[in-house]
Amino acid sequence: MPLTRRHFLQAGLLAGAAPWLRARAAVAATASAPTLIDPRTLHAFVDPLPIPPVPHPERIARIDGAAVPHYRIVQRQVHAKLHRDLPPARLWVYGDSMPGPTLDVRAGQGMTVEWVNALPAKHFLPVDHTLMGSNKGQPDVRTVTHVHGGRTPPDSDGWPTDTRVPGQSQTYRYPLNQEAATLWYHDHAMGVARLNHYAGMMGMCLVRDAHEDALRLPRGEHELPLVLCDRLITAKGQLHYPVSENPKSPWVPEVFGNAVLVNGKLLPYMQVEPRRYRLRVVNAANGRFFRLRLSDGRPLVQIGSDQGLLHAPVDVEQLVLAPAERADLIVDFAPLAGKDVRLTNDGDPHGIVQFRVADSGRRDDSVVPDVLRDVPRLAASQAVRERNLTLNEYEHLSGLPMKMLLDGKYWHEKVTETPRLGDVEIWNLINLTDDSHPIHLHMVRFQILERRRFDSFAYRSRGTLRYTGAPQAPAPNELGWKDVAQAHGGMVTRIIVPFDGYAGRYVWHCHILEHAANEMMRPFEVRPRKA
Ligand code: C2O
Ligand code: CU
Ligand code: CU
């Protein structure tokens, strides 16, 4: 039976999909689509939650004369079971597993990494040769790694066309002159990152500093990385990436899976002690927004977001994480000794990962202070420039799939966002679509000032920005430093960005990877400071 989006709808599997996707008579998958598994038919919580290894540096390298750890991380094909009762899946990973090794590094010291492409010569997911960067002549298998959230010099940031093919490698330097934060790394190759990523190419990078060390948050075995992503899985246990009806252009505008992998496993469990744990969560999905809750009804305590600690812990009833957003959470299992609790998504009470709380444990000597870090809020008056930038969606008259663009411009057009190093700018993300797009800027951190409804007709027809609603303050867990902003449909999301770090060329894009692959990505260039 051909699997179409309508089938997903009927099965209720598109919950969490962007509203426009639900509303649209979307591209159907081809008739050759294989049978997919319904994860609800699998035994839940039979696999222990995998914890990715923390590698030791290979050797000591130098950045500007200073000694830093050097890692060598090989991208390769592996076969691993996504669930106990499924055959091993073909995956493309960093190191030996999906997610890859967790890089645990010091702010201000940094690291160098040799990223080695040892992948097979043929891609196993549907490459679209009509997309930018994927035109014929480009090898299908090409990779470039980006450390998401890193304040990285431009030559090491993972420019989307600075790719390597199997047999090649690239060595990047990461000074990490920034605050402690939950970073992650993933593939960024133009046009195929969505496929490489779906195949498993992602990992965590935890940046620590002395301020955070002094806080006595749960650490060591009581700190767990949780990398979340959704996948479609065939009856043979393999990843399935859907395609359009057009064999010449298999790109689809979004991909949603009914199976949520937590650290690469479907429905894993974790044995925990009755005490506080720190969960470092990243939404590593191609396009899904997660809506996370604890099954016992208690709020999640969020202590950090994309770019580090919040000023103070925030109780979150339901945590909405857009693709690429991170949340640093504290969960206290102490009241649950002898019981279990699940992290649930989208109101499905079954949960995506189960924590089994032991009867008794060692003493909990962790502390969650009332004030975590000084996070001075930036005021709009600090900005020297304000840019109006639209998020648009174009329907092709020819019946081809729509395209999403940033400020109406294609990737190859000349650079228009050219802040000066050290300047503070406001970017008004004017969302003319009906959907939420998670907008990410490389290299910098920013704050969300406010969101505001506006008259999109007036903007389209006359280019005037007329607000129709009062400014809405960001949610309490959005008050820290961010590098991804949920830009909601029909609203202007105003972000304030200090362009500190390095001069040079970077990218900003929607982190729905299918959008980014089809023109929803643009360069920006930080110009050097005035002499
Ligand atoms: Cu998470 Cu441009 O990247
Ligand atoms: Cu990034
Ligand atoms: Cu988007």
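Derivation of every value follows stated rules applied to the coordinates shown; laboratory data play no part. Computed from a prediction, not measured in an experiment: that's the story for all the values here. Neighbour counts run over all protein chains shown; Cβ positions are idealised from the backbone, glycine included.
Listed by Cβ neighbour count within 10 Å, with the fewest neighbours leading, Tyr394, Tyr502 appear as Tyr394, Tyr502. Simple rule: put +1 on each Lys or Arg Cβ and -1 on each Asp or Glu Cβ in the stretch 181-227, find the dipole, and look at His186, Ala210, Pro225; the Cα lying farthest toward the positive end is His186. Taking every C-alpha pair closer than 8 Å and separated by at least 6 residues, the mean separation divided by the residue count of the chain gives a relative contact order of 14 percent. Cross-link check: pairs Lys339/Lys482; Lys122/Lys414; Lys122/Lys265 evaluated at a Cα-Cα cut-off of 27 Å; pairs beyond the cut-off: Lys339/Lys482; Lys122/Lys414. Computed over all pairs of different Cα atoms, the Kirkwood value for the hydrodynamic radius of the stretch 295-391 is 16.5 Å. For the stretch 48-204, taking Cα atoms only, Rg and Dmax work out to 15.8, 51 Å respectively. In a simple Cβ point-charge model (Lys, Arg +1; Asp, Glu -1; nothing else charged), the chain has a dipole of about 640 debye relative to its Cα centre.
Under 37 °C and 0.692 mPa s, how fast does the chain diffuse according to Stokes-Einstein, given a Kirkwood radius computed over C-alpha pairs? Answer in µm²/s, whole number. D, rounded to a whole number, is 140 µm²/s.
Dividing the convex hull volume of the alpha carbon atoms of the stretch 380-526 by its residue count, what do you get in Å³ per residue?
Given the Cα convex hull of the stretch 380-526, per-residue volume reads 116 Å³.
Projecting the Cα positions of Ile512, Thr433, Met491 onto the charge dipole of the stretch 380-526 (unit charges on Cβ atoms of Lys, Arg, Asp and Glu, taken about the Cα centre) puts Met491 furthest along the positive direction.
The order of the peptides 97-105, 231-239, 493-501, 82-90 by mean Cβ neighbours within 10 Å, most packed first, is 97-105, 493-501, 231-239, 82-90. Ranking Gly65, Thr112, Asn388 by how far each Cα lies toward the positive end of the dipole of the chain (charges on Cβ) leaves Asn388 at the top.
Centre-to-centre separation between the Cα atoms of the stretch 210-245 and those of the stretch 465-531: 24 Å. Seen from Tyr467, the other residues with C-beta closer than 11 Å to its C-beta sum to a net charge of +3, counting Lys and Arg as +1 and Asp and Glu as -1.
Annotation: amide H-H contacts under 5 Å for Tyr185 (H modelled 1.01 Å from N, sequence separation of 5 or more, or interchain): His148, Gly203, Met204, Cys205. Annotation: aspartates and glutamates with alpha-carbon distance below 17 angstrom to Lys236 (same-chain offsets under eight excluded): Asp38, Asp85.
When you count the other C-beta atoms within 10 angstrom of each residue and take the mean per peptide, 149-159, 55-65, 264-274 line up highest first as 149-159, 264-274, 55-65.
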